[in-house]
1. Simple spin-label model, 7 Å along Cα-to-Cβ: LEU49 to GLN28 in nm?
2. Which of the lysines could be linked to LYS129 by a straight reach, that is with a Cα gap under 28 Å, when you skip same-chain ones fewer than 8 residues away?
3. Using a 7 Å offset from Cα along Cα-Cβ at LEU99, what residues in segment 11-32 end up with backbone N under 17 Å from the label point?
4. Using Cα atoms only, what is the angle between the long axis of helix 117-130 and the major principal axis of the chain, expressed in degrees (0 to 90) to the nearest 10?
5. Quick one: what are the phi-derived ³J(HN,Hα) couplings along segment 33-40, Karplus 6.51/-1.76/1.60 with θ = phi - 60°, whole Hz, x for glycine and proline?
6. Convert 20 °C to kelvin, take the viscosity as 1.002 mPa s, use the Kirkwood radius over C-alpha pairs of the chain as Rh, and evaluate the Stokes-Einstein diffusion coefficient in µm²/s, rounded to a whole number.
7. Within a Cβ distance under 13 Å of ALA137, other residues only, what is the Lys/Arg minus Asp/Glu net charge?
8. To the nearest 500 deg cm²/dmol, what mean residue ellipticity at 222 nm is calculated for the chain from DSSP H runs of n ≥ 4 alone, each contributing -39,500 (n - 2.57), summed and divided by the residues?
Amino acid sequence: MATLALWLDNRNKNTKKFPVVLRISHQQKTKYISMGYKVSIEEWDIDNLKIQKPFPNSGRANAVIGMKKAIADKFVTEVDKASLKKYNVNDIVLKIESLMQEAQNPITERIEARISVSKFGASIVERMKKAKREGYAISIESCLGGSAGHIDHRLPV
């Protein structure tokens, strides 16, 4: 059975900030997945395994770390013991990393899928002209034309 634990990887004594990692142990082998944060010893709460206040945005950082750990916990608990024995620790790490990446993709896809107000307005004008609603199309064009330099906000698609 694979075991998971959050850990401050302070093995390198030459640095002042250490990475927060998820330690994965399976079949007497251990691997680490970086949680994307580096903190000093003073910023790490060793009892609760969390980033504490001197760290900027510690609440958000703990939320991201918690989400990533929950994804890993879900994978380990949902995979039955028989099939988990077939995996080695490298396979488990790769699967957990891919699940973490999939969880973050919808956020980036929504950001990339946004269009500007002027492009959205132009698409409405085009649809209105095709529907032979010239008056409505002209009024939208005049609104867009009057504020062309001011409209650059992004809208969800």
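1. 2.4
2. Partners within reach: LYS119.
3. The answer is 22-27, 31-32.
4. 50
5. Those phi angles translate into 10, 5, 8, x, 10, 10, 9, 7 Hz.
6. Working: Rh = 19.7 Å.
D = 109 µm²/s.
7. Every neighbour counted, the sum reads +2.
8. So the calculated ellipticity at 222 nm is -16000 deg cm²/dmol.
Computed from the coordinates by the stated procedures, all read-outs in this text should not be read as laboratory data. Only a predicted model underlies this, so the values are computations on that prediction, with no experimental measurement involved. All Cβ positions, even for glycine, are placed from backbone atoms using ideal geometry, and neighbour counts span all protein chains on display.
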